1. Working from the alpha-carbon coordinates of the stretch 175-322, get Rg over Rh, Rh being the Kirkwood radius.
2. Rounded to the nearest 20 debye, what is the charge dipole size of the chain about its Cα centre when +1 sits on each Lys and Arg Cβ and -1 on each Asp and Glu Cβ?
3. Across 10 Å bins from the origin, how do the percents of Cα pairs in the stretch 242-385 run, short distances first?
4. Taking θ = phi - 60°, what integer Hz values does the Karplus form 6.51 cos²θ - 1.76 cosθ + 1.60 yield along the stretch 345-362, in sequence order, with x for Gly and Pro?
5. Hey, in the chain, which Cys have no second cysteine's beta-carbon closer than 4.7 Å?
6. Show me 206-214, 100-108 ranked by packing, highest mean number of other Cβ atoms within 10 Å first.
7. Just list whichever of 156/253; 260/369; 207/292 have alpha carbons separated by over 25 Å in the model shown.
8. Could you compute how fast the stretch 87-178 diffuses translationally, taking Rh as the Kirkwood radius over C-alpha pairs and applying Stokes-Einstein at 25 °C with viscosity 0.890 mPa s? Give it in µm² per second.
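Quick note: the coordinates plus some simple rules give every number you see, no bench work behind them. Here the structure is a predicted model, which means the values were calculated and not measured. For neighbour counting, all protein chains shown are included, and Cβ atoms are generated from backbone atoms with ideal geometry for every residue, glycine included.
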Amino acid sequence: MAEYSQRGKRKCPNCKTETMQKTCPNCNKTTIGSGNWTVRFRFIENGKVVYKRLSGFKTKKDAENGMNKFLNENKDSNKNKTTILLLNDAYEQFIEFKKNEIKESSIYTFNSLYNNYIKEYFYNKDIASLTKLDYFYWLGTLKNKSLSPKYIEIIKGLMINLLNWVESVFDLPNLLLKLPKTRNLHQTTEMSFFDFEQWQQFEKVVKNDIVYDSLFSILYYMGTRIGETIALTDEDIDFNNNVIHITKSLTRKVKGVTYKITTPKNASSNRDISMPNKLAVKLKNYLKWKKKQSISPEFLFGGDKPLAENTYTRRFRYYCQQANLPIIRIHDLRHSHASLLINNGANVMLVAKRMGHSTPTETLNRYAKLFHSADDEIISKLNSL
């Protein structure tokens with residue numbers, strides 16, 4: 001995709017003021033550019049993606065025509081050369097491209113998957129020389145590693161993503177997509193969560209630990225992700241409106257740092273979630289306790305630095321054992337919240353909003369079974385009328 005820009009000063013069509021700003025500082029009118037146009041675009045040169053910049057055009061259309069002329073004149077420049085595109089080189093270029101699109105934590109995950117499950121098999125192999133059989137054997141090596149079918153699909157998804165990018169840039173077909181689809185014979189893992197009775201049982205054993213009672217209660221009653229919860233500051237708890245402001249997330253998947261505060265998972269994850277009164281009372285008491293202990297308000301849980309992942313994970317397992325409950329993941333408290341809402345008649349729009357899902361479809365796909373169970377209860381009640 002080409003990027004167009006106009007250099008030089010801009011002029012206000014109203015008061016004729018010259019400025020570098022897009023809005024006139026005198027009359028707030030949108031200014032018009034007066035300088036030459038520049039176009040920047042990607043071009044394949046000797047098997048590498050490079051960026052070309054052409055400038056000095058009077059109009060944007062001239063810039064576009066100049067780019068097209070350059071591409072037409074150079075499209076055959078590498079045609080007769082034997083281009084070797086090593087998968088490792090392609091991956092490095094792919095990651096550089098993706099850095100402008102996805103978060104650092106996702107780059108961290110991509111690199112981990114690539115280094116552990118892709119690089120060893122495909123390192124220094126020319127993509128153009130790979131066959132469908134190569135990809136078939138590679139998938140076989142993943143199955144031999146005793147990885148879960150779901151995890152293998154995640155690794156395969158990264159490889160498909162990489163090869164799709166290679167196809168779009170280098171015109172090399174994605175042969176992985178051409179493999180025959182295999183039947184998914186593994187059993188779907190049941191979603192784990194606490195029902196309300198189990199949560200009450202858990203709550204009884206954690207209630208005397210004011211820090212973890214507050215932390216786990218937010219996860220259960222609000223359905224927040226653990227990264228969103230650990231990133232909270234004291235100021236994010238809004239008792240005037242009885243909501244918690246979710247505007248950031250904490251990730252530990254960034255190379256070179258212990259943790260990093262980032263934006264939430266997606267745009268819809270920026271949200272205000274209403275608190276039930278029971279949770280509001282708990283958090284008021286917790287903040288009073290923090291103030292008495294002179295603990296920094298920078299992080300709601302942890303003070304001047306966030307609570308360590310190993311610490312809250314270990315405490316959660318401990319309290320599950322104390323309550324004689326199955327040890328579920330901390331993330332399953334988020335599923336527990338969804339179950340609580342659905343089983344109490346919440347519609348999909350409300351569930352999606354509280355969970356921070358991009359669309360209600362995402363909510364339905366993830367919790368279809370829970371909605372189906374709730375529907376059975378409604379039909380049962382209708383039949384009893």
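1. Details: Rg = 18.3 Å, Rh = 17.3 Å.
Across the stretch 175-322, the Cα-based Rg/Rh ratio is 1.06.
2. 1040 debye
3. Once binned at 10 Å, the Cα pair distances of the stretch 242-385 give 9, 27, 38, 20, 5, 1, 0.
4. Taking θ as phi minus 60°, the curve returns x, 5, 7, 5, 5, 5, 4, 4, 5, 5, 7, x, 6, 5, 9, x, 4, 4 Hz for the stretch 345-362.
5. 15, 27, 320
6. On the way: 206-214: 16.6, 100-108: 13.9.
By packing density, highest mean first, the sequence is 206-214, 100-108.
7. Where the Cα-Cα span goes over 25 Å, the pairs concerned are 260/369.
8. My calculation gives 181 µm²/s for D.
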